[in-house]
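Remarks on the structure that follows.
The values are calculated or read from the model by the stated rules, or taken from the named source; none is laboratory data. Keep in mind the model is a prediction, meaning the values are calculated, not measured. Cβ: placed from backbone, ideal geometry, glycine included. Neighbour counts: every protein chain shown.
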Amino acid sequence: MSIVISVTNQKGGVGKTTTAVNVAYYLAKSGKKTLLIDFDPQGNATSGLGIDKQALDGKTMSEVMGHGVNLQDIIVPSGQKNLDLAPTTPELANTEVELAQASHRFTRLRNAIASVHGYDYIVIDSPPSLSLLTVNGLIAARYVLLPVQAEFYALEGLGQLLETMKLIREKMNPTLDLVGVLATMVDSRTTLSTQVLAEIQQHFPGKVFKATIPRNIRLAEAPSHGVPIGAYDRFSKGARAYKALAKEIRERVGN
């Protein structure tokens, strides 16, 4: 069985896609066959791996969710060893609207994933909202990875996400668990980052990853070159941080 991890935060700009792409890359780098599902209609994980959206010929997550296309049929190689991608275009936003009244609308991603075999890990880059797509990601996942930006309003709004997770555990996915909380955009030179990190640890005792993701220009540059940070500059602070994070994840899930 694949270990399915949804990278989720309803707040945008917290490094969610950067985390999804680079965690998937380093899990694959460790020898684990990994699938990254771009489930955010912005499609940044797709473009961040250098995939030309114009050349996808309609074979995207929109077709899987809206038209019952087999997930296996849209998967493309990422160009990185052991890492494949289920790509997305903005059309997925239209599909979400169409799904609002459809049958089995909450379990379509879980059913799609069930038909795919051969992956040790499946990482879902969920949208920055508590939308139908995000709920699909939570229902399909075994674990949630929660990136939280080290800034003043870091914990604002997280209560709603945690309540949604609780409801999903009770109603549809009893095994859903928080694999960990990841502090992102950390500037260790500032008192604010230190204070926010302490606050996160207080709210999520035992769940905060030791690895933290620093503010790093190389992390920002890598997507424009269509590669993960480890393929762009493996000696950068960002690359070392995500490599350490992937190791922690493997340890926590026992794989």
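Here is a list of conditions, (1) in contact with a Ser or Thr (Cβ under 8 Å, 6 or more places away or on another chain); (2) assigned to a loop (DSSP other than H, G, I, E, B); (3) not β-branched (Val, Ile, Thr), and ASN136 meets all of them except one; can you say which number that is?
The single condition ASN136 does not satisfy is (2).
Only one of (1) surrounded by fewer than 16 Cβ atoms within 10 Å (Cβ to Cβ); (2) at pLDDT below 95 is not met by ALA154, so which one is it?
Going through the list (1) surrounded by fewer than 16 Cβ atoms within 10 Å (Cβ to Cβ); (2) at pLDDT below 95, ALA154 breaks only (1).
In the stretch 185-196, is there at least one residue being out of contact with any His (no Cβ under 9 Å at 6 or more places or on another chain), at positive phi and surrounded by 19 or more Cβ atoms within 10 Å (Cβ to Cβ)?
Of all residues in the stretch 185-196, those out of contact with any His (no Cβ under 9 Å at 6 or more places or on another chain) come to 185-196.
Now restrict to residues that are at positive phi: 185.
Adding the requirement that they be surrounded by 19 or more Cβ atoms within 10 Å (Cβ to Cβ) leaves 185.
Within the stretch 185-196, one or more residues are out of contact with any His (no Cβ under 9 Å at 6 or more places or on another chain), at positive phi and surrounded by 19 or more Cβ atoms within 10 Å (Cβ to Cβ).
Among the residues that make up the stretch 158-167, is at least one of them crowded, with 18+ Cβ neighbours inside 10 Å and at pLDDT below 95?
Of all residues in the stretch 158-167, those crowded, with 18+ Cβ neighbours inside 10 Å come to 158, 161, 165.
Restricting the remaining residues to those that are at pLDDT below 95 gives 158, 161.
Yes.
Are any of the residues in the stretch 82-93 surrounded by fewer than 17 Cβ atoms within 10 Å (Cβ to Cβ), farther than 18 Å from PRO128 by Cα and among the aliphatic types (A, V, I, L, M)?
no
Please go through the stretch 201-255 and give me each residue that is more than 13 Å from VAL179 (Cβ to Cβ) and among the acidic types (Asp, Glu), ordered by number.
If the condition is that a residue be more than 13 Å from VAL179 (Cβ to Cβ) and among the acidic types (Asp, Glu), then GLU221, ASP233 are the ones that fit.
Identify the residue in the stretch 217-255 that is part of a loop (DSSP other than H, G, I, E, B) and in contact (Cβ under 8 Å) with a residue 24 or more places away in the chain and, among all such residues, is farthest from ILE122 (Cα to Cα). First the steps, then the outcome.
So the first thing to find is which residues in the stretch 217-255 are part of a loop (DSSP other than H, G, I, E, B), and the list is 226-228, 233-236, 254-255.
Now drop any that are not in contact (Cβ under 8 Å) with a residue 24 or more places away in the chain, which leaves 226-228, 255.
Details: GLY226: 20, VAL227: 18, PRO228: 17, ASN255: 13 Å.
So, considering only residues that are part of a loop (DSSP other than H, G, I, E, B) and in contact (Cβ under 8 Å) with a residue 24 or more places away in the chain, the one farthest from ILE122 (Cα to Cα) is GLY226.
Kindly evaluate VAL4 against the criterion of being touching a residue at least 12 places away in the same chain (Cβ under 8 Å) and either within 13 Å of PRO228 (Cβ to Cβ) or surrounded by 24 or more Cβ atoms within 10 Å (Cβ to Cβ) (or both). Steps first, please.
On the way: touching a residue at least 12 places away in the same chain (Cβ under 8 Å): yes; either within 13 Å of PRO228 (Cβ to Cβ) or surrounded by 24 or more Cβ atoms within 10 Å (Cβ to Cβ) (or both): no.
When the stated conditions are applied, VAL4 does not pass them.
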